[in-house]
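The values are calculated or read from the model by the stated rules, or taken from the named source; none is laboratory data. Predicted model, so just to flag it, every value in this text is computed and none were measured. Quick reminder, even Gly has a Cβ in these numbers, built from the backbone with ideal geometry, and neighbours come from all protein chains shown. Protein only, heavy atoms only, side chains kept; ligands, DNA and RNA dropped before computing areas. Shrake-Rupley method; radii C 1.70, N 1.55, O 1.52, S 1.80 Å.
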Amino acid sequence: MAQDKYTAIWVSHSSMGDFLKCPRAYYLRNVYKDPKTGRKINIVNPALSLGQAVHSTLEPLKNIPFNERTNRDLLADFEKAWSDVSGKKGGFKNDEEELSAKSRGKAMIERVIKNPGPIAQKIVRLKESNNGMPPNFFLSDEENIILCGLIDWLEYVEESDSIRILDFKTGKHDEGEDSLQLPIYLLLLNALQKRKISGASYWYLDRDDKPVDMILPNADEARKKVFAIAMQVKVAREKKVFNCPRGDAGCFA
């Protein structure tokens with residue numbers, strides 16, 4: 001089959017994560033469109049809004065020279081980012097719930113200000129894709145599957161001319177051992193740039209003053225793992241079968 005980005009199956013860390021939790025949840029978030037608008041629907045919630053505000057504060061730092069980033073008023077940036085998710089827009093039931101989430105987010109930004117660490121170092125940026133799409137490549141030409149993803153931060157290690165992956169974590173729970181995140185990031189970086197990937201870390205901004213080092217997966221094993229799940233998604237989409245494994249019993253996803 002010829003490469004065709006318009007007919008290809010697009011997969012990512014979040015969409016495959018949805019599928020593994022519940023195929024029905026995957027369908028509702030990634031396939032179903034509102035008949036009135038023709039657009040996909042996503043239900044906001046406080047955790048998503050908190051993450052969005054924090055990431056919207058930190059990620060624009062990529063556009064600032066590394067030796068000027070610590071001069072940025074990040075708390076002011078956070079206030080502006082929070083205005084985009086405040087109230088019902090962010091899925092908050094009341095002022096108390098919003099204040100609690102905002103306080104957590106503000107504490108995360110203050111932690112970064114006090115411990116800039118990798119934020120103040122040189123970075124590498126992936127070349128932007130066409131049409132504003134996230135970085136992507138054909139995981140399989142034959143199966144017409146595209147893997148895509150946004151990586152929070154790529155620190156440049158000058159001594160070895162390599163890069164280190166950094167992912168900002170705003171949730172309360174650790175990323176699971178079976179997470180697809182690092183395997184996907186590794187595949188993306190190997191496909192889209194030539195430098196060696198020398199390390200990876202998660203920064204749990206809710207509690208840690210510095211990032212926690214993670215073990216990079218084996219590239220071949222990463223590809224097998226990601227491709228196997230991507231094929232499950234493709235088969236489900238082709239058959240149009242997205243059954244919830246819990247039936248009518250009620251599903252957390």
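Scanning the stretch 207-222 for residues that are surrounded by 17 or more Cβ atoms within 10 Å (Cβ to Cβ) and in contact (Cβ under 8 Å) with a residue 60 or more places away in the chain yields one hit, P211.
Taking the stretch 41-71 only, how many residues are in contact (Cβ under 8 Å) with a residue 40 or more places away in the chain, within 21 Å of R125 (Cβ to Cβ) and not hydroxyl-bearing (S, T, Y)?
9
Looking at K89, K40, K80, K93, just one residue is open to solvent by 40 Å² or more (accessible area, probe 1.4 Å), among the basic types (K, R) and closer than 21 Å to D152 by Cβ, and that residue is K80. Looking at A120, is it more than 19 Å from the chain's Cα centre (by Cα) and open to solvent by 20 Å² or more (accessible area, probe 1.4 Å)? So A120 fits the description; yes.
Would you check if there is a residue in the stretch 68-87 being hydrophobic (A, V, I, L, M, F, W, C), over 25 Å from C148 (Cα atoms) and in a loop (DSSP other than H, G, I, E, B)? Yes, because at least one residue in the stretch 68-87 is hydrophobic (A, V, I, L, M, F, W, C), over 25 Å from C148 (Cα atoms) and in a loop (DSSP other than H, G, I, E, B).
Scanning the stretch 168-198 for residues that are farther than 21 Å from L147 by Cα, touching a residue at least 24 places away in the same chain (Cβ under 8 Å) and over 13 Å from the mean Cα position of the chain (by Cα) yields a total of 3.
Would the stretch 132-140 turn up any residue that is touching a His at 6+ places or on another chain (Cβ under 7 Å) and surrounded by 14 or more Cβ atoms within 10 Å (Cβ to Cβ)? Talk me through it step by step, then tell me what you get.
Keep residues of the stretch 132-140 that are touching a His at 6+ places or on another chain (Cβ under 7 Å), which gives none.
Checked against the condition, which is being touching a His at 6+ places or on another chain (Cβ under 7 Å) and surrounded by 14 or more Cβ atoms within 10 Å (Cβ to Cβ), the stretch 132-140 yields no hits at all.
Among the residues making up the stretch 1-40, those that are in contact (Cβ under 8 Å) with a residue 60 or more places away in the chain, outside any helix (DSSP H, G or I) and touching a Lys or Arg at 6+ places or on another chain (Cβ under 9 Å) are I9, V11, C22, V31. Against the criterion of being open to solvent by 30 Å² or more (accessible area, probe 1.4 Å), within 15 Å of E59 (Cβ to Cβ) and not acidic (D, E), I151 does not qualify.
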